[in-house]
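What follows is a single structure, written as structure tokens, with notes after it.
The values are calculated or read from the model by the stated rules, or taken from the named source; none is laboratory data. Predicted, not measured: the structure shown is a model, and the values here were computed from it. Glycine gets a Cβ as well: all are built from the backbone with ideal geometry, and neighbour counts include every protein chain shown.
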Amino acid sequence: MAQVPALDLPKVSPRGRDIAFAIGILTILSILFLPIPPAMIDIGLAFSIAFSVLILMVSLWIKRPLDFSSFPTVLLIATMVRLALNIATTRVILSHGNEGHDAAGGVIAGFASLVMSGDFVIGLIVFLILIVVNFIVITKGATRIAEVGARFTLDAIPGKQMSIDADLSAGLIDEKEAQHRRRELEQESSFFGSMDGASKFVRGDAIAGLIITAINIIGGIIIGYFRHGMELSKAADVFVKLSVGDGLVSQIPALIVSLAAGLIVTRGGTSGSTDEAVISQLSGYPRALLVAALLMFLLAVMPGLPFLPFTVLGGVMALGSWVIPRRIEEANRARREDEAKLAQQTREQEKDSVKSVLKTAEVELLLGKQVSTRLLGAHQELAFRVGKMRKKFAAQYGFVVPEIKVSDDIAIPDKSYHIRIHGTTIASNVVRVGEVLVVTGGGRKPSVPGDEIREPAFGMPAVSVLETFADDLRREGFHPIDNVSVVLTHLSEVIRNNLPQLLSYKDVKVLIDRLDPEYRKLADEICSSHMSYSGLQAVLKLLLAERVSIRNLHLILEAVAELAPHVRKTEQIVEHVRIRMSQQICGDLAENGVLPVLRLGNRWDTVFHQALKRDSKGEIVEFDIDPRQLEEFSEQATRVIREFLDRGTPFVLVTSPESRSYVRMIIERLFATLPVLSHVELAKGIEIKILGSIS
């Protein structure tokens, strides 16, 4: 059996509101053609005034213009109500105006006596003034603002749409939020476009009211004089009062609705209700209130001006300039207290949450119980020096190292400390509490008694001596190192050895966002056409693995852009980047423009060259070295390099460009901090001092 498709029926308003609304519209239209009694006219005029006041109040309290998006439709309905009532009152005035001032109902008669004070000339002048205020001042300004707002809103739609799509692509918002924003954008453009046209309703209503009033006056005088035999003065008095009263009753609601329209279109970028936006901004500058109060007091003492009103106003403004700053300060203090309480609650919730167990500090220094007690007095100094260390790393390597968490841990030995990276213990050492360290480097030793140990950061020979002999050590020319400096030096070296692990994807994005717009565009081109941001992160990590600073990121991007279109291997791109950055690399390693160099001998150059296996295109595809030769090279390299390291002489190892990365791969397992350069990475202007060779 075939399935019948579901019909898309319109939604029915609850309790028949749609039928009542349709009947109301038909009633307005019927008033245009059918005569209605004065009692019904009074009800209609009262409804028009109440409806306009309701519109004004809603426009005052809405938070933003879109909260009253039906305003153009409401404005059209209000205009039609007034015009229909104008026609109905015109019919009654011309038909029964000869009966007296109450012929058109009590509302018109009441406004005529109240506003005109028994003189139709006064009423006519007030009516014309209302027409001028409504038509020339309020409506004209609101119309112009609506036109400009509609134009700017429509022009801004493509940019806002692209912003929504960009936020959605970046993952800042989900699909549901994107649909909500697009719907708001459509409503905003439709609303301001409708307001541009709806403001013409008010202008037309003002013109129609003026024409209808003139017709009522002229037609009423003619009908009263010629048809009902009234005297000309009597006919003019009755029909002018009735016509002007009718005009006032219609123009007052029109003025109120025009004011509501002006309030809505002039809201601009303010948020909150109108009273919040206006009063808070006017009273948000106490000095302005104080200056205005001084001006009021000055006017109060001026000869010829009344003293009391200016004095009262000046006193109110002066009181406001004294009270408002204190209320603002109280509000700010309360807000800060609420924020502190909320932050404390959030921390407590995170502390009690199971998810907090899953979070691990990126860099963590754990102190044993005795070490923590010993360094307790130096905790403030420790935190200060850790902060300085992070700044130094940022300046030296070009990115901000994650925060270093210092805490106690009873699970580790009392005299030990552990250094963890991403929750894994990378290094640990025992602190000789109450002693200082003297690095000898295999040279002269102090005369005071001490234990020979290895310095934990670099593994250099050292002597641990009691703190009581520190002054004796200084007199002998040694530099004793306290426990805090030993721990921080070790921590600093561990961080240097693990820089690649600490460079996150987020850090790479932050570094790129800090570049100039041209280089941000270059990074986007590279990562959209030739590699991903993760690939660029891999390049930076390989550079940091050999302690090459990435502070000149723009130069790195230029070098990557040169080779990325032709090469896919990250290692080859890194070698090209190193060549382009040779000046920086050699400059960071040299001392006073001199770079000490240890060469790889001819024999080992030949061995490594022969171990490189190539394909038919000449590309290196494999590194295959005899294990016995590898063992022999390791022994010779360790012996020669250790000799120079024990002397405390900084140097670099230099080899051929093709085998550099493979030599580095072997050397870093023996001496992790020893830089390995190729011949082409030796920059111009750097003096080379050859120390020897591994041969």
| field | Single condition Gln636 does not satisfy, out of (1) surrounded by fewer than 16 Cβ atoms within 10 Å (Cβ to Cβ); (2) in contact (Cβ under 8 Å) with a residue 40 or more places away in the chain; (3) out of contact with any Ser or Thr (no Cβ under 9 Å at 6 or more places or on another chain); (4) over 25 Å from His576 (Cα atoms) | value | (3)
| task | Considering every residue within the stretch 645-667, establish whether at least one is of a type outside the set (Ser, Thr, Tyr), buried (at least 20 other Cβ atoms within 10 Å of the Cβ) and touching a His at 6+ places or on another chain (Cβ under 8 Å). | result | yes
| task | Kindly indicate whether Phe21 is part of a helix (DSSP H, G or I) and at pLDDT 80 or above. | result | no
| task | Restricting attention to the stretch 562-578, report how many residues are farther than 14 Å from Asn552 by Cα and either hydroxyl-bearing (Ser, Thr, Tyr) or assigned to a helix (DSSP H, G or I) (or both). | result | 9
| Residue count, the stretch 41-85 (criterion: in a loop (DSSP other than H, G, I, E, B) and touching a residue at least 24 places away in the same chain (Cβ under 8 Å)) | 4
| task | Go through (1) out of contact with any strand residue (DSSP E or B) (no Cβ under 7 Å at 6 or more places or on another chain); (2) under 30 Å from Pro461 (Cα atoms) and name the single condition Ala637 misses. | result | (1)
| Name the pairs: first residue in the stretch 596-608 and over 19 Å from Phe623 (Cβ atoms), second residue of a type in the set (D, E, K, R), Cβ to Cβ under 8 Å, at least 6 apart or on different chains? | Pro596/Lys689; Val597/Lys689
